[in-house]
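So the structure is just underneath, and the comments pick up after that.
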Amino acid sequence: MSSKHDLPSWIQADNPGPWGIFLKQVDRVAPYLGHLSKWVETLKRPKRALIVDIPVELDNGTIAHFEGYRVQHNLSLGPGKGGVRYHQDVCLSEVMALAGWMSIKNAAVGLPYGGAKGGIRIDVSKYSQKEIEHVTRRYTSEIGMIIGPQKDIPAPDVNTNAQIMAWMMDTYSQNTGSTATGVVTGKPIVLGGSLGRVEATGRGVFVVASEAAKDKNLSIPGAKVAVQGFGNVGSIAAKLFYEAGAKVLAIADHTGVVYHQNGLNIHALLDYVKEHKGVKGFPESEPIDVDQFWRLDLDILVPAALEQQITRDNAPHIRAKIIVEGANGPTTPEADDILKEKGVYLVPDVIANAGGVTVSYFEWVQDFSSFFWTEQEINERLEHIMKNAYRSISEVAAEHQVSLRTATYIVACKRILGARDLRGLYPS
Ligand SMILES: NC(=O)c1ccc[n+]([C@@H]2O[C@H](COP(=O)([O-])OP(=O)(O)OC[C@H]3O[C@@H](n4cnc5c(N)ncnc54)[C@H](O)[C@@H]3O)[C@@H](O)[C@H]2O)c1
């Protein structure tokens, strides 16, 4: 088991944060790794963690400093890949855990990538577009020495988007002297972005949820669904459920929770949120509180906001048959155990939200060849990869009688550590 001695000196032993969750998840997989278990410690130490200071001049002429991170958790299978998060609570432990989850996710779906993640401690609501641009460009310059199309390829995450990727691509290209579209994914289409990327994570969530529903003899038309988070991931997943005939009973975001017993009109809610910047006050709904949200009688629950939302406090009250994790790390290990005991079928983040990075991979491949696929080709390839990954992981879960999360870790860790074993140590 992990002890404080497994922790780097710069992570608090009494409060390791999300990185502590990742370590526990790795511990759970160790007994299934056979001869590769000798390498398991590799996963408990990020290969590289860079902390940078980002000084920028604000619109009012004062100088502000922001803390930025880029963590490369493991690069055994290929260059690092993972998003960049802008949030006031971002910290090193969180970015390390998110990087670790990217290693697992990329390997679970069979992408030729290691895992990485970045972040900046910033409350984006307090700054202008120009200030965000300056922060983004300086951050990109500061991490420029460890990113690149063959080294580590950032992408959007919470509060970052295609415009931010465009600034990152431009800054990196200016600094290296040639246009390098492949340095980031999730770019605008005109700058080498891929069709289907914006919707990819939500679409992947819907695809695996549909497969899980089949396994549990549930039909999507008429299924009772609730989604926490109505951003990139949650809104697209909710829209696809709605369009497939599911009843999306409730949507929660940072402004509140809206509910309708016959199902919300998600198209109308999307229009409303565009204008009002949150779900609160949506006319064709009634407000409920967060506690009621977690107690709803549901077929499918999709947490698609932030991590550590399903905890030992609310897990005992959850009445969903299936949980599909759109967010990264929304369920704590204690909650995982409670849900397992209650017989909730949980499709973990490391497979459920892999659609985004899968289409990011397509974008990267298209950028190298400067040859672009149609949206239909993208969606078909995405569906094929997601379905296959889900099927092979459910077979491993059945074979070892373990949860889908542990099964995903078994498949992924065997790939990562198998590559490590073949590459060996340098110097040996
Ligand atoms: N965007 C991607 O391609 C992608 C890929 C894989 C995983 N993810 C993960 O999915 C999650 C959501 O990412 P996103 O890109 O949709 O972010 P986003 O910024 O577009 O949306 C986040 C949503 O969460 C809501 N939210 C924030 N705090 C909340 C709270 N306390 N309670 C309820 N709702 C809250 C916000 O209101 C917003 O609707 C994150 O965990 C992210 O790491 C995103």
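Every number here is computed from the coordinates shown, using simple stated rules; none is lab data. Predicted model, so just to flag it, every value in this text is computed and none were measured. When we count neighbours, we look across all protein chains shown, and the Cβ atoms used for this are built from the backbone with ideal geometry, even at glycine.
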Ordering 284-290, 45-51 by per-residue average of other C-beta atoms within 10 angstrom, highest first, gives 45-51, 284-290
Around ILE120 (Cβ within 15 Å, Cβ-to-Cβ, excluding ILE120; K/R +1, D/E -1) the net charge comes to -2
Percent of all Cα-Cα pairs per 10 Å bin for the chain, counting from 0 up to the last occupied bin, reads 5, 22, 33, 27, 11, 1, 0
Phi angles of region 307-319, converted by Karplus (6.51 cos²θ - 1.76 cosθ + 1.60, θ = phi - 60°) into ³J(HN,Hα) in whole Hz with x for Gly and Pro, give 7, 6, 9, 9, 10, 5, 6, 9, 4, x, 8, 5, 10
GNM of the chain, Cα pairs under 10 angstrom: of ASN262, ASN232, ASN379, the biggest fluctuation goes to ASN262
With a Förster distance of 22 angstrom and the Cβ-Cβ distance between ARG391 and LYS342, calculated FRET efficiency to the nearest 0.05 equals 0.35
When LYS81, LYS274, LYS414 are arranged by how many other beta-carbons sit within 10 Å of their Cβ, fewest first, they go LYS274, LYS414, LYS81
In order over region 346-361: 3J(HN,Hα) from phi, Karplus 6.51/-1.76/1.60, θ = phi - 60°, whole Hz, x for each Gly or Pro, gives 10, 9, x, 3, 5, 10, 5, 9, 6, x, x, 6, 5, 6, 4, 4
Region 42-180, convex hull of Cα, quarter of hull surface, nm² -> 8.0 nm²
Going through LYS44/LYS117; LYS24/LYS105; LYS117/LYS151; LYS247/LYS321; LYS130/LYS274 one by one, the pairs whose alpha carbons sit over 18 Å apart turn out to be LYS130/LYS274
Taking r as the C-beta separation of ASP53 and ASN161 and R0 as 30 Å, the FRET efficiency to the nearest 0.05 is 0.80
Compactness check, region 176-262: C-alpha Rg relative to the 2.2 N^0.38 Å globular estimate gives 1.39
Which of GLY110, GLY83, GLY229 fluctuates most in a GNM of the chain (C-alpha springs under 10 Å)? That residue is GLY110
Taking the chain and counting helices only, DSSP H stretches of n ≥ 4 at -39,500 (n - 2.57) each over all residues, the nearest-500 ellipticity at 222 nm comes to -13500 deg cm²/dmol
Kirkwood radius from Cα pairs of region 365-424 plugged into Stokes-Einstein at 37 °C, 0.692 mPa s, gives D in µm²/s equal to 238 µm²/s
With +1 at each Lys and Arg Cβ and -1 at each Asp and Glu Cβ, the charge dipole magnitude of region 151-227 around its Cα centre, to the nearest 20 debye, comes out at 220 debye
Ranked by GNM mean-square fluctuation in the chain (Cα springs under 10 Å), the top entry among LYS340, LYS247, LYS224 is LYS340
In this structure, the FRET efficiency calculated for ILE63 and ASN15 from their beta-carbon separation, with R0 = 35 Å, to the nearest 0.05, is 0.65
